[in-house]
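See below for the structure under consideration.
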Amino acid sequence: LYDHPVSYTYSARYLLNEFNQNNSSSSNNFFGIAPVQYSNGLPALTGSDQSLHRMENYFSHARTLVFGKASKDNFLNQFSDYRIIQLYTHATDSGYNGQPVIYFADTTLSLSDLFYSKKPATKLIVLSACETALGELHPGEGVFSFNRGFAALGIPSAVSNLWEVDNQA
């Protein structure tokens, strides 16, 4: 266990997802979100907006939302149209309602907020935030985390963290 990476498949239903199909004919390649500053007093993530702007130069049809535009509603309304998503933000595995939460400029996104009516075009989501792979362990089902939540939507690949991220690094 200590010498090899471990991958976990969530359930048989997950295996039935048709990852090669998506319901969007979108050509949007990259969507980046970086609130940078937070209304709830969390420390600013200075430089995250600059990193996103550098990354968007590598993609055609890229969009970044920073500062106040990096809101929960903007994320929920747009993320499904993009193939690659990068979130630079704060997160915790146990928010005010006991669920994992991701912080946006205006409010938080709880794991239970991730219900979506159409299959996203997204193939990869990078969660550059603390503890996005942590959550409550349910025997027989595994960990209910953002990694699992995005997989349940049909996003086949996610990069997430088990630990706190050092902003300076």
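The values are calculated or read from the model by the stated rules, or taken from the named source; none is laboratory data. Keep in mind it's a predicted model, so treat the numbers as computed, not measured. Cβ atoms come from the backbone with ideal geometry, glycine included; neighbour counts cover every protein chain shown. The area values use the complete protein model at the heavy-atom level, side chains included, leaving out ligands, DNA and RNA. Shrake-Rupley method; radii C 1.70, N 1.55, O 1.52, S 1.80 Å.
Kindly evaluate residue 131 against the criterion of being in contact (Cβ under 8 Å) with a residue 12 or more places away in the chain, open to solvent by 50 Å² or more (accessible area, probe 1.4 Å) and charged (D, E, K, R).
no
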Filter segment 100-122 for residues that are more than 20 Å from residue 157 (Cα to Cα), over 13 Å from the mean Cα position of the chain (by Cα) and open to solvent by 40 Å² or more (accessible area, probe 1.4 Å) and give the result. 106, 107
Failed item, numbered, when residue 137 is tested on (1) farther than 24 Å from residue 49 by Cβ; (2) without any contact (Cβ under 8 Å) to a residue 12 or more places away in the chain; (3) within 12 Å of the chain's Cα centre (by Cα): (3)
Would you check which residues across segment 48-63 are open to solvent by 100 Å² or more (accessible area, probe 1.4 Å) and either at positive phi or of a type in the set (Phe, Trp, Tyr) (or both) and list them? 58, 61
Give the number of residues within segment 35-61 that are among the aromatic types (Phe, Trp, Tyr) and either under 17 Å from the mean Cα position of the chain (by Cα) or at pLDDT below 90 (or both). 0
Given (1) among the small types (Gly, Ala, Ser); (2) closer than 26 Å to residue 41 by Cα; (3) in contact with a Phe, Trp or Tyr (Cβ under 9 Å, 6 or more places away or on another chain), where does residue 145 come up short, assuming only one miss? (3)
Identify all residues within segment 85-99 that are closer than 23 Å to residue 51 by Cβ and either touching a helix residue (DSSP H, G or I) at 6+ places or on another chain (Cβ under 9 Å) or not in a strand (DSSP E or B) (or both); write none if there are none. 85, 86, 87, 88, 89, 90, 91
Selection over segment 69-89 where residues are out of contact with any Ser or Thr (no Cβ under 7 Å at 6 or more places or on another chain) and open to solvent by 40 Å² or more (accessible area, probe 1.4 Å) yields a count of 5
Within segment 131-148, can one find any residue that is at pLDDT 85 or above and either out of contact with any strand residue (DSSP E or B) (no Cβ under 6 Å at 6 or more places or on another chain) or not in a loop (DSSP other than H, G, I, E, B) (or both)? no
Determine, yes or no, whether residue 169 is outside any strand (DSSP E or B) and at pLDDT 90 or above. no
So residue 32 passes all but one of these: (1) at pLDDT below 95; (2) touching an Asp or Glu at 6+ places or on another chain (Cβ under 8 Å); (3) part of a strand (DSSP E or B). Which condition number does it fail? (1)
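Yes or no, residue by residue, for (1) touching a strand residue (DSSP E or B) at 6+ places or on another chain (Cβ under 8 Å); (2) at pLDDT below 90:
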| residue | (1), (2) |
| --- | --- |
| 63 | yes, no |
| 69 | no, no |
| 77 | no, no |
| 81 | yes, no |
| 99 | yes, yes |
